[in-house]
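The values are calculated or read from the model by the stated rules, or taken from the named source; none is laboratory data. If you're wondering where the values come from, they're calculated on a predicted model, not measured in any experiment. Cβ: placed from backbone, ideal geometry, glycine included. Neighbour counts: every protein chain shown. Note: accessible area is taken over every heavy atom of the protein model, side chains too, but ligands, DNA and RNA are not part of it. Shrake-Rupley method; radii C 1.70, N 1.55, O 1.52, S 1.80 Å.
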Amino acid sequence: MEFIQDEVLRMTWLSRLLRLALEELGLNVDSRIGGSLHFFLYDCVKITIYLCVLIFAISYVQSFFPPERTKKILGHFRGLSANLVAALLGTVTPFCSCSSIPIFMGFTAAGLPLGVSFSFLISSPMVDLGSLVLLSGIFGIRIAFVYVLLGLCLAVLGGAVIEHLGMENEVEDILRGVSAVEQDIPTLSFKERLSYAKEQVKTTFRKVFPYILLGVGIGSFIHNWIPKAWVLSLLGARNPFGVILATLVGIPMYADIFGTIPIAESLLLKGAELGTVLSFMMGVTTLSLPSMIMLRKVIKPKLLGIFVGICVVGIILIGYLFNALQAVLPL
Amino acid sequence: MEIKVIGAGCKECDTLYQNVEEAVKELGKDAKIEKVEELIEIVKLGVLSAPSLMIDGKLIVSGRVPGVGELKKLLS
């Protein structure tokens, strides 16, 4: 178990290898510059390996759950169970914030309840198979599991609240009266799924790599140049508002989990509290300025405000919950 | 034959369109290729993922970009 945690998921062998290589070149890894370089190289390589392996595996699974199919499955459920299924399917349906609008429109046109669409909309960017594995690698399997569980809770409850508020009139008029044709989804062969997965790795890599470099750059800067006392006083146990601060900073930012992880990792090493760091990550992945602007095209400001409000409050609560849990349980 | 390349302004959508054009040309088919880019039109067609490909009203490819070779098989 420990071997998998450290050597496979955390890739400590890579860290040792790079340390040896850098020392061979005459760099002291414990110095600031050497340390930054070590952190940068280690995280870049580690996250790139993660990205390729994970996206491939995930895309293969996702090829079984195109949004058209998710839509059909969701049509069979009612009430809270529909929200739960939407949140769960959100974790396996291919998603990026640029496709959220067509999916949202399609769900609405298919007559799915608004709350169900929102459960999907919350869970899809926040929790996916990738975040489960990636978080296991950085923070350990238990934390990853709790993160996913709480993320799903937020998606289910958030959707249910929106449903309960009866916001059907807060959808923009262009969506009214649109009815969609039922399409048969083309079935894929094993070979087509593999080539789809390969294609996804390529396009995701191209899209995400700049963010990874940026994220790792910021991470290695925090890791070696920002005094621990600063992080402690802003995001550590000394600041009761650390979670709120981290959430509010994270929300307008647009990045996916791969770019966020190195920042989260270095903040944690510098003494930021776990819940605070996780709130930051959830804020970055779940909401972003671009996705809000796009959503605004199909829902009215009131509903958008409620959606953002639910996410913000939920993420902050999860952060505090994690911090409290961390104090009593050995996470 | 009526071909619809469906997707709103993503890079993959353009790639699919080019691949389809290429495949049609190589096959020497008489086909009308249409780009569907209006979100509301896409939703009306019952399509949720981009890029997608429809031939004579039937969804053939959903949310991926097949190469020219595979498209030729799909089109003939």
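Anything losing 40 Å² or more of accessible area from the isolated chain to the full protein assembly: pick those residues out of segment A:179-208, probe 1.4 Å, ligands and DNA/RNA ignored.
A:GLN183, A:PRO186, A:GLU192, A:TYR196
Can you give the average number of partner chain beta-carbon atoms within 10 Å of each beta-carbon in peptide A:66-72, as a whole number?
Neighbouring Cβ atoms belonging to other protein chains average 4 per residue here.
Over segment B:2-75, average the accessible area per residue using a 1.4 Å probe and give it in Å², no decimals.
47
Per residue of B:57-64, how many C-beta atoms from partner chains lie within 10 Å of its own C-beta, taken as a mean?
Across B:57-64, the average partner-chain Cβ count within 10 Å equals 6.
Taking a label point 7 Å from the Cα of A:TYR60 along the Cα→Cβ vector, which residues of segment B:54-76 have an amide N closer than 12 Å to it?
none
Tell me, how many Å apart are the Cα centres for segment B:12-65 and for segment A:218-239?
So the separation of the two Cα centres works out to 50 Å.
Identify the trypsin sites (Lys or Arg not before Pro) of segment A:3-72 meeting these criteria: DSSP loop state and at most 12 other C-beta atoms within 10 Å of the C-beta.
Passing sites in segment A:3-72 do not exist.
Loop only by DSSP, 15 or fewer other Cβ within 10 Å of the Cβ. Give me the trypsin sites (Lys or Arg not before Pro) in segment A:197-272 that pass, ordered by residue number.
When the trypsin sites (Lys or Arg not before Pro) of segment A:197-272 are filtered for loop state and at most 15 Cβ neighbours within 10 Å, A:ARG238 remain.
What is the magnitude of the charge dipole of the protein assembly as shown about its Cα centre, with +1 placed on the Cβ of each Lys and Arg, -1 on the Cβ of each Asp and Glu, and no other charges, expressed in debye to the nearest 20?
260
Per residue, how much accessible area does chain A show when a 1.4 Å probe rolls over the protein heavy atoms, in square angstrom?
Value returned for chain A: 45 Å² of accessible area per residue.
Could the peptides A:124-131, A:278-285 be put in order, highest first, of the mean number of other beta-carbon atoms found within 10 Å of their residues?
With the highest mean Cβ count within 10 Å placed first, the list reads A:278-285, A:124-131.
Taking N as the number of residues in the protein assembly as shown, what value does Rg over Cα atoms divided by 2.2 N^0.38 Å take?
Normalised Cα radius of gyration, the protein assembly as shown: 1.05.
Direction-averaged shadow area of the convex hull around the Cα atoms of segment B:2-75, nm²?
4.1
Between segment A:163-208 and segment A:283-306, what's the alpha-carbon centroid distance in Å?
18
Leaving out ligands, DNA and RNA, calculate the buried accessible area for the pair A and B with a 1.4 Å probe, summed over both sides, in Å² to the nearest 100.
When A and B are taken together, about 1900 Å² of accessible area is lost.
Ordering A:GLU2, B:GLU26, B:GLU38 by accessible area with a probe of 1.4 Å, largest first, what comes out?
Largest to smallest exposure gives the sequence A:GLU2, B:GLU38, B:GLU26.
Helix A:114-126 sits at what angle to the longest principal axis of chain A, using alpha carbons and giving 0 to 90 degrees rounded to 10?
Taking Cα atoms only, the helix is inclined about 20 degrees.
Once you put a point 7 Å from the Cα of A:GLU192 and another 7 Å from the Cα of B:GLU34, both along the Cβ direction, what distance in nm separates them?
Computed distance between label sites A:GLU192 and B:GLU34 equals 2.3 nm.
Pairs of Cα atoms under 8 Å, at least six residues apart: use those to get the relative contact order of chain A, whole percent.
With pairs under 8 Å counted, the relative contact order is 19 percent.
In percent, what relative contact order does chain B have, based on Cα pairs under 8 Å that are 6 or more apart in sequence?
Relative contact order here is 42 percent.
For segment A:5-64, which chymotrypsin sites (Phe, Trp or Tyr not before Pro) are in a loop by DSSP, counting at most 14 other Cβ atoms within 10 Å?
When the chymotrypsin sites (Phe, Trp or Tyr not before Pro) of segment A:5-64 are filtered for loop state and at most 14 Cβ neighbours within 10 Å, A:PHE64 remain.
Report the gain in length on full extension from A:GLN326 to A:GLU168: 0.36 nm times residue separation, minus Cα-Cα distance, nm rounded to one decimal.
Working it through step by step, the gained length comes to 52.9 nm.
Considering the Cα positions of segment A:115-245, please state its Rg to one decimal place and its Dmax as a whole number of Å.
Rg and Dmax of segment A:115-245, Cα atoms, are 20.8, 59 Å.
In segment B:2-75, what percent of the accessible surface is made up of carbon and sulfur (1.4 Å probe, ligands and nucleic acids excluded)?
That fraction is 46 percent.
State the antiparallel share, in %, of DSSP beta bridges confined to the protein assembly as shown, rounding to the nearest 5.
Antiparallel: roughly 65 percent of the beta bridges in the protein assembly as shown.
Compare each residue of segment A:99-121 in its chain alone against the assembly with all protein chains, and report those whose accessible area goes down by 40 Å² or more; 1.4 Å probe, heavy atoms.
When all protein chains are present, A:PRO102, A:MET105 each give up 40 Å² or more of accessible surface.
Which semi-axes, in whole Å and largest first, does the equivalent ellipsoid of segment A:269-331 have when worked out from the alpha carbon gyration tensor as the square roots of 5 times its eigenvalues?
The answer is 30, 12, 6 Å, longest axis first.
Looking only at segment B:2-75, where both bridge partners belong to it, what percent of the DSSP beta bridges are antiparallel (to the nearest 5)?
Looking only at bridges with both residues in segment B:2-75, the antiparallel portion is about 60 percent.
Rank these residues by their accessible area, most exposed first, probe 1.4 Å: A:HIS223, A:HIS38, A:HIS164.
Largest to smallest exposure gives the sequence A:HIS164, A:HIS223, A:HIS38.
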